[in-house]
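One structure is given below, encoded as structure tokens.
The values are calculated or read from the model by the stated rules, or taken from the named source; none is laboratory data. Keep in mind that this is a model prediction, so the values were computed, not measured. Cβ placement follows ideal geometry from the backbone for every residue including glycine, while neighbour counts extend to all protein chains displayed. Note: accessible area is taken over every heavy atom of the protein model, side chains too, but ligands, DNA and RNA are not part of it. Shrake-Rupley method; radii C 1.70, N 1.55, O 1.52, S 1.80 Å.
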Amino acid sequence: MNKKNYQKVTGKTRNFMSTGQIWQQDDHLLSIEETLVGQTYRRLFFKDIESLVLYHTSYRYHYLGVLAILSFIIGMIFLMNKLYATFNGRVTIGIVFGLLAVVAFSIFIRGTICKIQLQTKNGPYNLPVRLRIFKARKLVRKLNKEINASQL
Amino acid sequence: MEPVSKPKKFLRCPGCRSPINVEQITDNTPVKCSYCDNMQEIILYPEFHKRMERVQQDVVSTGATEAGCFHHAHKRAVCHCDQCGRFLCSLCDLKIGDMHLCPQCASSGKKKGKLSTLKRGAVLYDKIALALAVYPVITLFGIYLTIITAPMSLFFTVRYWNKQESILTRSKIRFVVAGILSLLQIVGWVAGIYYISTRLPGWLEKVNTQ
């Protein structure tokens, strides 16, 4: 097999103990799950793909929730140490909460996080990646052409 | 004729596994799951609609002039195995890349490693070597383990330098870093043991004289 034939389709998505990534060859997608010691492959041939589901998750709100809890803890630390009493303390509080607000805004503005499920005759398969909605739609548009062409 | 279960013409929600009515799906329109309320965009390809027709085609009995499947004589053959030449129905036909194989040839090809497209995994020796070189150092008491892990890391680096199993091209940077770190650790241990062994008689003499 020619190793150079594979083209990267998505970046790496970090999961709990592994990472996931999608590569593409002329006639199939290669889904790779990588752990500390090895890789697991799954090939999804274009002509076998029956349907594709973009599943809108609520991860974005989970991340915002975690950020809110973090902000609360940081706020409590500032309050307990009475940092608001001094000018330098107020500047520090402003910078820290400003940064948190920027992070929260970027999480929100980048759109819903999607999972992708492909169905073949062997059953449904969840790709091990999570993509923002814009990137996912772009990927689907690209795959649509390939899949439809191979199933004509 | 064997009873064949018809394929279900609906999909399942990836979130809650409940059925989605395919009739409601129109292109590029997000559909709301009626059970978990999550939005999903569904695209159906021609293969989805062909499945029903294919199963119905399968159950057609073979006529006197038609070839039957090697394993299911009552089913019409749709192709032949590219390795052994046996006629196969669509149930027995395994499409692997451009090839049509019967289950036996696919199985033996996988065992013998002849079919590279059937490779389902690879061991990443470069990551193992790097982990052996790095993790003991960054853990608190793990540094004492480097007397074992450093030679192991060096072994993996040398042994598998040109034998990466991954089907994708991987750089050798992890091997290089692992090799350098493990060599440094081995040199450190050798220097430490040499230092202690040369100084030990002197220390023992001091203790004895006191």
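Descriptive notes on the structure:
- Charge dipole of segment B:125-195 (Cα centre as origin; +1 on each Lys and Arg Cβ, -1 on each Asp and Glu Cβ, all else neutral): 200 debye, rounded to the nearest 20.
- The shape of chain A can be summarised by an equivalent ellipsoid whose semi-axes, obtained from the alpha carbon gyration tensor, come to 43, 16, 13 Å from longest to shortest.
- Relative contact order computed over segment B:111-210 (Cα-Cα under 8 Å; 6+ residues apart), in percent: 31
- Contact order normalised by residue count of segment A:62-152, Cα under 8 Å, 6+ apart, percent: 19
- When the protein assembly as shown is described by a simple charge dipole with +1 on each Lys and Arg Cβ and -1 on each Asp and Glu Cβ, the residue from A:Phe97, B:Val176, B:Pro151 located farthest towards its positive end is A:Phe97.
- Seen from every direction in turn and averaged, the convex hull around the alpha carbons of the protein assembly as shown projects onto 31.1 nm².
- Take each residue in A:33-42, count the other chain C-beta atoms within 10 Å of its C-beta, and the mean is 6.
- Residues B:Lys163, A:Lys138 ordered from highest to lowest accessible area at a 1.4 Å probe: A:Lys138, B:Lys163.
- Computed from the Cβ-Cβ distance with R0 of 25 Å, the FRET efficiency linking A:Tyr63 to A:Thr86 stands at 0.15.
- Here chain A is assigned +1 on the Cβ of each Lys and Arg and -1 on the Cβ of each Asp and Glu. Its dipole about the Cα centre then comes out at about 340 debye.
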